[in-house]
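Novice: Provided herewith is a single structure, encoded as structure tokens, for subsequent inquiry.
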Amino acid sequence: ESEEPSAREILGNFVHEPTIGQVQAQAIAYAEVHPDKIRRWRRQAALQALLPTFSFGFDRDEDTFVTSIGSTTNPAFDRIVQAKDPSQSLDASLSWDLGDLIWNDDQTSIDVRSKLMVQLRDEVISDVTRTFFERRRLQVTLLTDPPSDPKVQLDKELRLQELTALLDGFTGGWFSEQARVDSP
């Protein structure tokens, strides 16, 4: 009769796998819900106020002038002359809305998206954490108390693969690439 291994010794069997912190960080990156993204949006909105609005215009017009040439005493000798005067104009302007330096309307949109992103990030972290530790508990069970019934063993092995696939889904396949062994 040998002494049962300690919890630390049992968990030592899984050092080849990523930690929960690594998995959470990878899931956040894969879902593109990192807090830096919101900071970047805010900085870009603030910098946008420094950029001018550029407008450009082109106008083309053709005026027709009618002139009468001749004597006023004898209309038979009068001559009517018609001339065209084409004109074109080009304009460009730059303008700044200095009020955007204080408050940019994009900030409201960023605030709404920020709130939604925080909620999504919390959901991702919660789902990843729950899946990770359910998988780890199943690994420990398979290691410390393997089922004697082959059908139960198969069911637990399939559940382990399912949980691994879920972690891969959260991380874009990164989890399996990092884990050298899927089961104890």
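The values are calculated or read from the model by the stated rules, or taken from the named source; none is laboratory data. Quantities reported herein were computed from a predicted structural model and do not represent experimental measurements. Cβ coordinates were reconstructed from backbone atoms using ideal geometry, including for glycine residues, and neighbour counts include every protein chain displayed. Remember, those area values only see protein heavy atoms, side chains included, never the ligands or the DNA or RNA. Shrake-Rupley method; radii C 1.70, N 1.55, O 1.52, S 1.80 Å.
Novice: Just to be sure I understand the filter: pairs with C-beta atoms under 6 Å, separated by 6 or more residues or on different chains, first member in segment 147-174 and free of Cβ contacts under 8 Å to residues at least 60 places away in the same chain and over 14 Å from GLN26 (Cα atoms), second member open to solvent by less than 30 Å² (accessible area, probe 1.4 Å) and of a type in the set (Ser, Thr, Tyr). Which pairs pass?
Specialist: LEU163/THR131
Novice: Okay, next question. Looking only at segment 26-57, count how many residues are open to solvent by 50 Å² or more (accessible area, probe 1.4 Å), within 28 Å of GLU177 (Cβ to Cβ) and outside any helix (DSSP H, G or I).
Specialist: The total comes to 2.
Novice: Right, here's the next one. Determine whether segment 149-165 contains at least one residue that is more than 29 Å from PRO18 (Cα to Cα), in a loop (DSSP other than H, G, I, E, B) and modelled with pLDDT of 95 or more.
Specialist: Yes, segment 149-165 contains at least one residue that is more than 29 Å from PRO18 (Cα to Cα), in a loop (DSSP other than H, G, I, E, B) and modelled with pLDDT of 95 or more.
Novice: Condition check: surrounded by 10 or more Cβ atoms within 10 Å (Cβ to Cβ), among the small types (Gly, Ala, Ser) and modelled with pLDDT under 70. Does SER68 satisfy that?
Specialist: Judged against the criteria, SER68 is a match.
Novice: Need the failing condition index for VAL23 against (1) aliphatic (A, V, I, L, M); (2) open to solvent by 50 Å² or more (accessible area, probe 1.4 Å); (3) not in a loop (DSSP other than H, G, I, E, B), just the number.
Specialist: (2)
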